[in-house]
Amino acid sequence: IEQATNMMVDAWFEYWIDVKRKTVRPNTVRNYTERYYKNIQKVIGKKILTAIKPIHCQKIFMNMADEGYRTTTIYQTRITLYNMLEFAKENEVILSNPCKKSVKSDMGKPSQKKKALTIEEQSAFLNYIASNEQYKHWLPMFTLFLGTGCRVGEIVGLRWEDCDFKQRII
């Protein structure tokens, strides 16, 4: 990048995320992209990268808290912003990362405790899916999720050799 010192943050993000597409998992790229476009871009997207100050970073997190975001989402946004700016620093586009320790992101609504469905709730859910024509096609997937406790990424990552059909195990 020849004129990186005159680059807008939007352009830097596109360059950085293109590198990330080749070096991290697709889910990470999706998370970074979502946080950028939903929260970061509206505050600094049209600014020159070298003009970003800690106060701009702080404004992103304060806006999110004001909009009712949870602390965990604000922290995920901080990770995105910090990594994007650190990449600029490592490539000598900026002298220091403005998203430093003095920028606080521990604000926003507290996260809610997650609660697993009881066996009865799982049965009711599967019965509802099975009895509704518009949702019936989802039954095998939800049965697999509930029967294994696997996450989406773990199910998607299954290979045929992971399945033993004789013993009926994954």
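Remarks
- Residue that is modelled with the lowest pLDDT, among those in segment 93-109 that are open to solvent by 50 Å² or more (accessible area, probe 1.4 Å) and of a type outside the set (Ser, Thr, Tyr): Lys104
- Here the condition is being touching a residue at least 60 places away in the same chain (Cβ under 8 Å), more than 25 Å from Pro110 (Cβ to Cβ) and open to solvent by 30 Å² or more (accessible area, probe 1.4 Å); of Val19, Val24, it holds for Val19 alone.
- Residue match in segment 31-49 (condition: closer than 30 Å to Val156 by Cα and not in a helix (DSSP H, G or I)): no
- Tyr69 vs. criteria under 13 Å from the mean Cα position of the chain (by Cα), surrounded by 14 or more Cβ atoms within 10 Å (Cβ to Cβ) and either touching a residue at least 40 places away in the same chain (Cβ under 8 Å) or closer than 23 Å to Leu95 by Cβ (or both): no
- Where Ile48 falls short, out of the listed (1) touching a strand residue (DSSP E or B) at 6+ places or on another chain (Cβ under 9 Å); (2) open to solvent by less than 50 Å² (accessible area, probe 1.4 Å): (2)
- Annotation: Asn83 fulfils all but one of (1) under 24 Å from Val29 (Cβ atoms); (2) open to solvent by 70 Å² or more (accessible area, probe 1.4 Å); the unmet one is (2).
The values are calculated or read from the model by the stated rules, or taken from the named source; none is laboratory data. The model shown is predicted, which means the values in this text are computed figures rather than measured ones. FYI the Cβ positions are ideal-geometry reconstructions off the backbone, even for glycines, and counts take in every protein chain you see. For accessibility, only protein heavy atoms count, side chains too; no ligands or nucleic acids. Shrake-Rupley method; radii C 1.70, N 1.55, O 1.52, S 1.80 Å.
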